[in-house]
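Right, one structure below, let's go through it.
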Amino acid sequence: QGSGKMQSGLSFSDSDVSFTPLVVLELADDTKTEATTWLLNRIRGKQQNGGAELLAEQVLFPAQDGQKPNPNILVVGSTSQRLLNGAEDVGLFKEFQDGTMRGFTYANRESFKDFEGDGEGFLSVAECQYIVKHELDTLRAKNEDHVPGYPKLKLYPGKSVMRRLQSKGVLIQYFPLHDKEDLKRLSFSWYKQIKPSFQPLDDIRRYFGEGLALYFGFLEYFTFALVPMAVIGIPYYLFDWEDYDKYVLFAVFNLVWSTVFLEVWKRCSATLAYRWGTLCRKKAFEEPRPGFHGALGFNPVTGREEPVYPSSKRQLRIYLVSVPFVLLCLYLSFYVMMIYFDMETWAISIYNDSPTFATGVLLFVPSIIYAVVIEIMNLLYRYAAEFLTHWENHRLESSFQNHLVLKVLVFNFVNCFASLFYIAFVMQDMVLLRQSLATLLITSQILNQVMEAFLPYWLQKRRNKKVNKRMRKLMGDKELPLLEQVQLETDMNTYLGTFDDYLEQFLLFGYVSLFSCVYPLAAVLVVLNNVTEVYSDAFKMCHVFKRPFSEPAANIGVWQLAFETMSIIAVVTNCALIGLSPQVQAYFPESETQLILTVVAIEHVLLAFKFILAFVIPDVPKHIQIQLAKLDFESLEALKKRKILEAAET
């Protein structure tokens, strides 16, 4: 019996079993037959014998253009019963009859809202696929010391089989299949109707999981939060274009906005996470990353023999190689910035010698070239940072991500904003600052749209045409939509997570919060960018990338800290810009020291106000706090009752 509402009935050439495929596993095409058979048996095996107790079959594709297709593609599904037991294992939270969110248990299944009959359709397809992934990931080596057919591919008892196969290149990838019907419905309600409306966040969460839905929730919230800034910015820009002194009020508004914006987002995020059942979900035990390697040693946590890597070695790699490399890259960034200023001086001198329309246009050329160079440097550095973080050999994915985020954020911040800080506080040229900010912002947005939306769309269109043509040629008029789908999705690009999407929003937030008081149109440009971003990201997720596995998330993680750090830097920057304005300087005609001390004092007061505001606005709304406290109280009462019953029995 299949699960969920996916298109069912994939018949296999070597068996008449028919079930709903949820996940595809692609092994290397030269994988030994005994290894494939062993893996299939482990996936199908009973749980008490160390198997995953899932449904699995090998898919055989016909030969294409004289080329032999990969024979080692497996599809995995599951029975409803197995998925419901799995939902309990992964600690899934579902809505109870009384409207609260509770950890799902198979014994209490009838007490959960929307649970009918044998539970068909109770779990979303994304949840089913997440459970299958969890069961595959927790498939552990038993008494085998190596993978059949690969004497050198050692297995360690109790360690994840899938991670081992992945790190040794036997398992190329595994991914969840798209559900054509659900995808069509989601596409229509999400981006095919061009009309001002909220995104269907609950549908996005049901299809792609909480991690991605929270990103789109944040993108929507950020865009709406920018509207007041944009509304104030337009008249400011139109009527005070040549009057650079009058940005003090806008800077003050900017300061309050950046603080309130992040504090209110925490509440929105908590509300969404509670509704989706991830706010109080226990964090799963983290397995080592597939790329982690080390000498065989004893792990005191699991009590087993497994690869270990001394943290002292890792620290040496970080401080003796990674840190100097990042510093070298920052030096290069400053060097490129100085070349840009030389070009800027050259363009201005040409314009001053002969002010014509052509030389007027030439004034913008250095900024445009610099903006393109910044994007190229960010891209190259991203690859280098990823390579270095892999080389540091972090054991856990969370540790790997934190080190990568830190490296990338430091470089991107300096690379994108150093020139603006230099113009504002060293050159103190507000006209050039406004021009540079506008050029950097517009150029980076155009490049991002081309790289993120048009290029992947065009490449995917070409690939789809090729696969469809090949399949039609091979199969004639036979209906084989699912076989074609598996083939098509195997070749699709893999979605690498929300890292780059959050990074883009982080930099846009920087442009708005740091310097938008001198260029009030910045917020308007970011709003326009984010509206197109919603449509291009939605299209990308639905048609360009493989479907990603659902990632349970209660918040936006390390990015919340990144945005808060940026808003603290924004306080300092805006106070300094206020201090530089002729309006304020007129109050301190004699003493520059007094002006500096006053600006520093105001900045400290504003930072104190920021922290007080963060303390006063609770991160979790009151009604959710009450619901969580209720659940804690009920579980304590249940524990007491159980202890009394056990005592009475003895």
Which condition number does residue 572 fail, the rest of (1) closer than 30 Å to residue 279 by Cα; (2) part of a helix (DSSP H, G or I) being met?
(1)
Every residue from region 613-650 that is more than 29 Å from residue 275 (Cβ to Cβ) and not small (Gly, Ala, Ser)
640, 641, 642, 643, 644, 645, 646, 649, 650
Out of region 96-125, which residues are more than 29 Å from residue 626 (Cβ to Cβ) and at pLDDT 85 or above?
125
Mind checking which residues of region 108-137 are touching a residue at least 24 places away in the same chain (Cβ under 8 Å) and in a loop (DSSP other than H, G, I, E, B)?
118, 119, 120, 121, 122, 123, 124
Flagged pairs (Cβ under 7 angstrom, 6 or more apart or on separate chains; first in region 591-606, open to solvent by less than 50 Å² (accessible area, probe 1.4 Å); second not in a helix (DSSP H, G or I)) are 595/588
Looking at residue 343, is it at pLDDT 90 or above, surrounded by 13 or more Cβ atoms within 10 Å (Cβ to Cβ) and over 30 Å from residue 406 (Cα atoms)?
yes
Output the residues belonging to region 138-154 that are in a strand (DSSP E or B), under 17 Å from residue 51 (Cα atoms), open to solvent by 20 Å² or more (accessible area, probe 1.4 Å) and touching a residue at least 12 places away in the same chain (Cβ under 8 Å).
140
Looking at (1) of a type outside the set (Gly, Ala, Ser); (2) open to solvent by 10 Å² or more (accessible area, probe 1.4 Å); (3) in contact with a helix residue (DSSP H, G or I) (Cβ under 7 Å, 6 or more places away or on another chain); (4) modelled with pLDDT of 90 or more, which one does residue 394 not meet, given that it meets all the others?
(2)
Against the definition (of a type in the set (Lys, Arg), open to solvent by 50 Å² or more (accessible area, probe 1.4 Å) and out of contact with any His (no Cβ under 7 Å at 6 or more places or on another chain)), how does residue 102 come out, yes or no?
no
Looking at residue 175, is it touching a Phe, Trp or Tyr at 6+ places or on another chain (Cβ under 9 Å), open to solvent by less than 50 Å² (accessible area, probe 1.4 Å) and not in a helix (DSSP H, G or I)?
yes
Could you list, in sequence order, all residues of region 526-542 that are of a type in the set (Ser, Thr, Tyr) and open to solvent by less than 10 Å² (accessible area, probe 1.4 Å)?
none
Consider region 450-504. How many of its residues are outside any helix (DSSP H, G or I) and either at pLDDT 85 or above or open to solvent by 30 Å² or more (accessible area, probe 1.4 Å) (or both)?
12
Which numbered condition residue 374 misses (of (1) among the β-branched types (Val, Ile, Thr); (2) free of Cβ contacts under 8 Å to residues at least 60 places away in the same chain; (3) under 21 Å from residue 436 (Cβ atoms))
(2)
Where a residue in region 612-634 is farther than 12 Å from residue 263 by Cα and its partner, wherever it lies, is part of a helix (DSSP H, G or I) and not charged (D, E, K, R), with Cβ under 7 Å and at least six apart:
624/270; 624/271; 624/274
Just one listed residue, out of 576, 523, is over 33 Å from the mean Cα position of the chain (by Cα), at pLDDT 85 or above and surrounded by 15 or more Cβ atoms within 10 Å (Cβ to Cβ), and it is 576
Under 6 Å between Cβ atoms, at least 6 apart or on separate chains: pull out the pairs that start in region 30-56 with a residue that is over 15 Å from residue 162 (Cβ atoms) and assigned to a helix (DSSP H, G or I) and end on any residue that is open to solvent by 50 Å² or more (accessible area, probe 1.4 Å) and not hydroxyl-bearing (Ser, Thr, Tyr).
47/53
Among the numbered criteria (1) open to solvent by less than 30 Å² (accessible area, probe 1.4 Å); (2) farther than 20 Å from residue 489 by Cβ, which single criterion is violated by residue 190?
(2)
Inspect all residues belonging to region 373-391 and state whether any of them is farther than 23 Å from residue 440 by Cα and in contact with a His (Cβ under 6 Å, 6 or more places away or on another chain).
yes
Just for helices (runs of 4 or more DSSP H) wholly inside region 203-319: which have at least 3 residues that are open to solvent by less than 10 Å² (accessible area, probe 1.4 Å)?
210-239, 248-275
Scan region 548-565 and tell me whether some residue there is of a type in the set (A, V, I, L, M), surrounded by fewer than 18 Cβ atoms within 10 Å (Cβ to Cβ), under 30 Å from residue 178 (Cα atoms) and touching a helix residue (DSSP H, G or I) at 6+ places or on another chain (Cβ under 6 Å).
yes
Inside region 551-560, can you point out the residues that are hydrophobic (A, V, I, L, M, F, W, C) and under 14 Å from residue 503 (Cβ atoms)?
556, 558, 559
Which of (1) assigned to a helix (DSSP H, G or I); (2) closer than 21 Å to residue 552 by Cβ is the odd one out, the single condition residue 105 does not satisfy?
(1)
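The values are calculated or read from the model by the stated rules, or taken from the named source; none is laboratory data. Only a predicted model underlies this, so the values are computations on that prediction, with no experimental measurement involved. With ideal geometry, Cβ positions are generated from the backbone for all residues, glycine too; neighbour counts draw on all protein chains shown. When the accessible area is computed, the model is the full protein with side chains, heavy atoms only, and any ligands, DNA or RNA have been set aside. Shrake-Rupley method; radii C 1.70, N 1.55, O 1.52, S 1.80 Å.
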